[in-house]
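In what follows, a single structure is set out as structure tokens and then discussed.
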Amino acid sequence: MGLDMYIERTEVKPVSEEACYWRKNRELLEFINKNLFPYGNDEYAKKIELTVNDLIAIKRFIEKQSRENNFYEDENLSKINEAIGELASGDGSVKFFFSADW
């Protein structure tokens, strides 16, 4: 099996939907582990709540990775921008969580 990672959007009234999805992006997981929060191989599908700063850091990493590898993550970048806007509004009605499983 490959490494699958998600950012999930959850509203306070528990309605959950997938906001972003990456398949087999080991570099992103390494970035998250080194720069944001520990998420090792033993954390199988554990959900970690994301802050606006976490989302901004992930967005910047994906942009950099896209430039270096000549591929574009337009859909995920657009969704991360939306997530940043929703969290930055600060009304507390929406939360975003990171999880990965393999």
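The values are calculated or read from the model by the stated rules, or taken from the named source; none is laboratory data. Remember, predicted model here, so these are calculated numbers, not experimental data. For neighbour counting, all protein chains shown are included, and Cβ atoms are generated from backbone atoms with ideal geometry for every residue, glycine included. Side chains included, ligands, DNA and RNA excluded: accessible areas come from the protein's heavy atoms. Shrake-Rupley method; radii C 1.70, N 1.55, O 1.52, S 1.80 Å.
With an 8 Å cut-off on Cα pairs and a minimum separation of 6 or more residues, tell me the relative contact order of the chain in percent.
Working: 140 pairs, mean separation 45.1, N = 102.
About 44 percent, as a whole number.
Using a simple charge model, +1 on the beta-carbon of Lys and Arg, -1 on the beta-carbon of Asp and Glu, nothing else, what dipole does the chain show about its Cα centre, in debye to the nearest 20?
Working: 14 positive and 20 negative charges, 43 e Å.
Dipole of the chain, to the nearest 20 debye: 200 debye.
Once label points are set 7 Å from the Cα along Cα→Cβ at both Asn81 and Glu17, what is their separation, rounded to one decimal in nm?
1.8
Roughly to the nearest percent, how much of the accessible area of the chain is carbon and sulfur, given a 1.4 Å probe? Working shown, then result.
Details: 2900 of 6190 Å².
The C+S portion of the solvent-accessible surface of the chain is 47 percent.
Write down the accessible area per residue of the range 54-102 in Å², having rolled a 1.4 Å probe over the full set of protein chains.
On the way: 2720 Å² over 49 residues.
Per residue, the range 54-102 has an accessible area of 56 Å².
Ratio to report: Rg/Rh of the chain, with Cα atoms as the point set and Rh obtained by the Kirkwood method; give two decimals. Intermediate results must be reported in sequence, preceding the final value.
Values: Rg = 13.1 Å, Rh = 13.9 Å.
When Rh is taken as the Kirkwood radius, the ratio is 0.94.
Quick one: how many lysine pairs does the chain have with C-alpha atoms less than 26 Å apart and a gap of 8 or more or different chains? Give me the count, please.
29
Just grab the label-to-label distance for Lys24 and Ser66, each label 7 Å out from Cα along the Cβ direction, in nm (one decimal).
2.1
Using modelled amide H (1.01 Å from N, peptide plane; none on Pro or chain starts), what sits under 5 Å from the amide H of Cys20, excluding residues fewer than 5 places away?
Ile7
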